[in-house]
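Chemist: Shown below is the structure under consideration.
The values are calculated or read from the model by the stated rules, or taken from the named source; none is laboratory data. Only a predicted model underlies this, so the values are computations on that prediction, with no experimental measurement involved. Reconstructed Cβ throughout: ideal geometry from the backbone, glycine too, with neighbour counts over all protein chains shown. Just so you know, the surface numbers come from the protein's heavy atoms only, side chains and all, with ligands and any DNA or RNA stripped out. Shrake-Rupley method; radii C 1.70, N 1.55, O 1.52, S 1.80 Å.
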Amino acid sequence: MKEQLANIRAAALSAFEGAKSKVDLDALRVQYLGKKGELTAVLKQMGKLSAEERPAMGQLANEVRAALESALDTASKKLEEAALEHKLRAEAVDVTIPGKPVDLGHRHPMYIALDEMKEIFIGMGFTVLDGPEVELSELNFDRLNAGEGHPSRDWSDTFYFDRDERVMLRSQTSPMQVRAMDSMPLPIRIIAPGRVYRKDEVDATHSPMFHQVEGMVIDKGVTMADLKGTLNAVIKKMYGEDTQTRFRPHHFPFTEPSCEVDVQCHKCRGAGCPTCKGEGWIELLGAGMIHPHVLEMAGIDPEVYSGWAFGFGLERTAMRRFKIDDLRLIFENDVRFLEQF
Ligand code: PHE
């Protein structure tokens, strides 16, 4: 029996050590230590031993059981460690592999042109204002001298929110002139960029939504010469020193005298081409001396103060700046187009 126990011990220990997996190990546990296992089978024969032999053999059997159990435990831990090691190795992240590049967007060409324009005006001491796109018709029309019956108030031109024509999508950034006069101390030097809305069909030069940059100066002794000098300086800064401009007489209800300012066509340099519709010039903005009545309505004495105002079309400014010949490209958001700037 002693020999039997020694054999079981040796066989079990080497089997445990050689086990390849937890499943194998469990099978071995059953084989050696289970109820119908080899060790139990030997212990069952204890009854056949003499009373003197029994204690020593019992002790030996217990020792073998303890040795087997401890070896089983060690083998099991070893297998767990190996499994963990394997898992860690399989899941390892190589931090030295180069990452996937992320596509970064950039500013829209129209906003690049706007930022350039803002920079120029800020350098001249202007403040940039932001105003509401949903505006009172009182500020968009009445306070700007376009009273009842003015053609631009027609439903075919303007988006109203109510039957009373009280609230509308602003059709120009000029109501910002009124908001500035009502809220700022004199003298005033502001620009106000933003979206405006008119009922126009979309084509190469029109859109029901577009952008204007309104500007206004009010001070003592301000004249049309300041208006021309300032606008020429801004346009040359944007488009280059050799840029030609043309001031044409025009009519706006809120300025008197009024003018429109054109720049020479970038495509044909004045010769006439499809981009400028054969004119040689591209209209860029409206401007003029603020009408005395508009100053009076804001509580400013036109005998003491004078001022001028202008409104750039921002899309046109960007189109001239980047030599874009179709307005629709600005709004279509085709990245193949946008990536060129
Ligand atoms: N608001 C005018 C327009 O939309 C432009 C303008 C602005 C003219 C300021 C004069 C002064 O056409």
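Chemist: What number of residues within the range 86-122 are assigned to a helix (DSSP H, G or I) and open to solvent by 70 Å² or more (accessible area, probe 1.4 Å)?
Modeler: Looking only at that region, the number is 9.
Chemist: State the number of residues belonging to the range 269-287 that are within 37 Å of the chain's Cα centre (by Cα), more than 17 Å from Phe322 (Cβ to Cβ) and surrounded by 15 or more Cβ atoms within 10 Å (Cβ to Cβ).
Modeler: Residues in the range 269-287 being within 37 Å of the chain's Cα centre (by Cα), more than 17 Å from Phe322 (Cβ to Cβ) and surrounded by 15 or more Cβ atoms within 10 Å (Cβ to Cβ): 5 in total.
Chemist: Taking only pairs six or more apart or across chains, which ones have beta-carbon atoms under 8 Å, a first residue in the range 140-153 that is in contact (Cβ under 8 Å) with a residue 40 or more places away in the chain and open to solvent by less than 20 Å² (accessible area, probe 1.4 Å), and a second residue that is of a type in the set (A, V, I, L, M, F, W, C) and part of a loop (DSSP other than H, G, I, E, B)?
Modeler: Within 8 Å, the pairs are Leu144/Phe254; Ala146/Phe254.
Chemist: Looking for something within 15 Å of Asn232 (Cα to Cα), touching a helix residue (DSSP H, G or I) at 6+ places or on another chain (Cβ under 9 Å), of a type outside the set (A, V, I, L, M) and more than 16 Å from the ligand (Cβ to nearest atom) - is there at least one such residue anywhere in the range 278-294?
Modeler: Within the range 278-294, not a single residue is within 15 Å of Asn232 (Cα to Cα), touching a helix residue (DSSP H, G or I) at 6+ places or on another chain (Cβ under 9 Å), of a type outside the set (A, V, I, L, M) and more than 16 Å from the ligand (Cβ to nearest atom).
Chemist: Inspect all residues belonging to the range 330-337 and state whether any of them is outside any strand (DSSP E or B) and within 16 Å of the ligand (Cβ to nearest atom).
Modeler: Looking for residues that are outside any strand (DSSP E or B) and within 16 Å of the ligand (Cβ to nearest atom), one finds none in the range 330-337, hence no.
Chemist: Consider Phe254 against the criteria (1) open to solvent by less than 60 Å² (accessible area, probe 1.4 Å); (2) among the hydrophobic types (A, V, I, L, M, F, W, C); (3) more than 10 Å from the ligand (Cβ to nearest atom): it satisfies all of them except one. Which criterion is unmet?
Modeler: Of (1) open to solvent by less than 60 Å² (accessible area, probe 1.4 Å); (2) among the hydrophobic types (A, V, I, L, M, F, W, C); (3) more than 10 Å from the ligand (Cβ to nearest atom), only one is false for Phe254: (3).
Chemist: Shifting gears a bit: Looking for whichever is over 14 Å from Gln4 (Cα atoms) and touching a helix residue (DSSP H, G or I) at 6+ places or on another chain (Cβ under 7 Å) here; the options are Leu60, Leu68. Which one fits?
Modeler: Matching residue, one of Leu60, Leu68: Leu68.
Chemist: Name the residues in the range 32-67 that are open to solvent by 60 Å² or more (accessible area, probe 1.4 Å), among the hydrophobic types (A, V, I, L, M, F, W, C) and assigned to a helix (DSSP H, G or I), would you?
Modeler: Within the range 32-67, just Ala56 meets the criteria.
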